[in-house]
Amino acid sequence: MKRLLGLILLFNNCFAATYYVTNAGSTGTGLDSTTNAWSYAKHNATVPAAGSIVLFHRGETYVGAFASRAGVTYGAYGAGVNPVITGLTQLSSWTQFSGNIYVADFDIGTTQLNLVTVDGTVKTMGRYPKSGYLSILAHTTNTSLTSATAIGFDATGGEAVIRKVRYILDRQPITAHSGNVLTLGTTSLYGGAVSRSITNNNGFFIQNNISCVTQDGDWYYDKTNKKFYMYFTSTPSGRVVKVSNVDKLVTFNSKSDCSFTGFDWEGSNTHAASLNGGTNITFTNCNFYKHGQTAIYGNGATNLTVTGGAFSYCLSGGVWVEQNGSSCTIDGVTMTNIALVAGSARSGDGTQQAININGETTTVKNSIIIKVGYNAINFNGSNALIEKNFIDSSCLVKDDGGAIYTYSKDVVVANRIVRNNIILHTLGNKLGAESSAGYENFGKAPAIYLDEGTNHTSYYNNYLSGGEWCGIFLSYSNDNSITNNLIFDFPQGLSFLENPSQLVRATTVTGNTIVSKSGQLSIYFHQYVADAVSNIGTVNNNIYSRPIDGAPSFTIDREYSGGGGAVNYSYANWLAQSGQDASSTVSALTASNDSKLTFNYAYPIASTVLGYWKGVSNTTLNVPVIPAYTAQVLVPVGYKVYTRSNKIVTRNGKLVVKVL
């Protein structure tokens, strides 16, 4: 028997060569793309030697987990679109359960089902209520909560999704239900769900219960009895319902030197790619879409490189290196619709982010991120470069985060640069966080967030527009530089926070342009301790503009005994109170109303703006050019076109006009 086993292993271990895989393949040598290509099953059962190249046929879909091997380069051959590795399987044999709810048999094993599609569109579990949150009246630690309103069905066996704090949405099983009281389990398949306590007056909702299945596409999976339930407006006839039955599409457990070029990864129940100690793993021009949790997850990943490709509809995140990352690079990817569904992500901190890298020597550049549930980019550790990224619409589900976020409490870091990024619409979401409505009744999400303890980080040449809170927030941070950034249309342009044990110090804020709309502040300084603003470092050579009235405004909020609370200051009084900004200026730019102010950006190439405009310099610009990776705030300028005998006057082929 030992001799037979040895022969089998020898047969399935190959020498270094180029191998071919196709759905029409067999158990042959794999060395010929036409007659002896491997089948997918044969590929997964074979161990090519390090240095091998394995090519998959373009235009084909391969169902099931992918067996990767150390030292192998994976690519594609033939014509057509990328080969697809999928974890989806189509359900059939439906029977009517009750009314519009139908049931089918499905066994995913011991885990909980995360990913379902109907006619190609990701569908989420049925929930109650369908939107928003129920209010929490009372709670006992993390073991029970009392709803402020009645729940008209038995929620036992379902799941409570609880907004415990602004940046935490935890999922806890409901073990009992009596009246308005839900008894909760403290273990979860979705990460640690009890690191934060329930907060009264915050919100929750219920999912994963048959009573929540009430509209087309709603679903519920009974893991115990292996039954899948879905609501159809009419019947399942003609509908294509697919569920994931592959937990992870490709796994690297301490494997090294694997590269993938030109693959599509679709339909994992948790992760498309899981790296536990993997080294030198590379994905080039690969696409990741429709994943039950995170597209690429790493724990101890070293030299992970993701270049090009698109990510979409990943329910818990795009790329997450949870801890001990080293030399990870994300370059030129496009991420859209990442982690936008409350209750579909992992519990605890760190989830629902497009890119979250915890470790040293991180690079995120040349990437586009549009619509993400929490932070667009979160980086930690020394030697980081975040540059030339375009981010639009972040913190749409959770907040107390930002488009670009970092946190370095009790850790001294070095050599970190955030530059040449364009950030739009950092919105935040206050729903379900009503416990803080008395003092933070807004989407709490700055475009750039230097959270507690952030240090030795340089932020320069970033262009920020639009949000419910502030452009750049420095929370208990020190030894940072904020230079040559453009900040437009935030209630607070720059915001500082300090307390007795965490003072803002050694901070440089120079060369920035802050353009405010009506009623907006240029700077908000919030103190829980008596401290002169002049102590924080250098704030100088900035340009402040509020075109609607020409009067930028500043606030110092002295929230400590005898401090007097928040006081607003004109620019002149700010100079006297702060001891800062001696060489800063107020722009003479004016506008008749806020709608005249426009934010014009160029990404990734330069662009022009037709017409006559004025910028913060208050000089007239004719068809201004916006350089790549920059932006300008412009106000349109009226002009008169000269005519003679009812004909437009031209000179050298150009209109003759007078700027008004």
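Below is a table of values for the structure above.
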| read-out | value |
| --- | --- |
| DSSP bridge orientation in region 399-587 - percent antiparallel, rounded to nearest 5 | 10 |
| Three-way shape label, region 389-520, alpha-carbon gyration tensor, a/c 1.5 | oblate |
| Computed FRET value (nearest 0.05) for Tyr460 with Ala506, which takes r as the C-beta separation and R₀ as 22 Å | 0.85 |
| Helix-only [θ]222 nm of the chain, DSSP H runs n ≥ 4, -39500 (n - 2.57) each, per residue, nearest 500 | -1000 deg cm²/dmol |
| Ratio Rg/Rh [Cα only; Rh per Kirkwood] for region 89-242 | 0.99 |
| Sequence-separation-based contact order of region 306-387, relative, with Cα cut under 8 Å and 6+ spacing, percent | 33 |
| For the chain: relative contact order, % (alpha-carbon pairs under 8 angstrom, 6 or more apart) | 7 |
| Longest to shortest principal axis, alpha-carbon extents of region 284-385, angstrom | 33, 29, 17 |
| Sequence-separation-based contact order of region 496-581, relative, with Cα cut under 8 Å and 6+ spacing, percent | 31 |
| With 20 Å bins from 0: P(r) over the chain, alpha-carbon pairs, percent | 17, 43, 31, 9, 0, 0 |
| Highest average packing first - 400-408, 177-185, 276-284, Cβ atoms within 10 Å | 400-408, 276-284, 177-185 |
| Region 158-311 shape via C-alpha gyration tensor axes, a/c threshold 1.5 | oblate |
| Computed label-point distance, nm, for sites Asp594 and Lys130 using a 7 Å Cα→Cβ extension | 3.2 |
| Within region 419-443: backbone nitrogen closer than 12 Å to the Asp349 label point (7 Å, Cα to C-beta) | none |
| Region 399-587, dipole about Cα centre (Lys/Arg Cβ +1, Asp/Glu Cβ -1), debye to the nearest 20 | 400 |
| Tensor-based shape of region 302-448 (alpha-carbon gyration tensor, a/c under 1.5 rounded, otherwise prolate or oblate) | prolate |
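Every number here is computed from the coordinates shown, using simple stated rules; none is lab data. Treat the numbers as computed from the prediction; the structure is a model and nothing was measured. With ideal geometry, Cβ positions are generated from the backbone for all residues, glycine too; neighbour counts draw on all protein chains shown.
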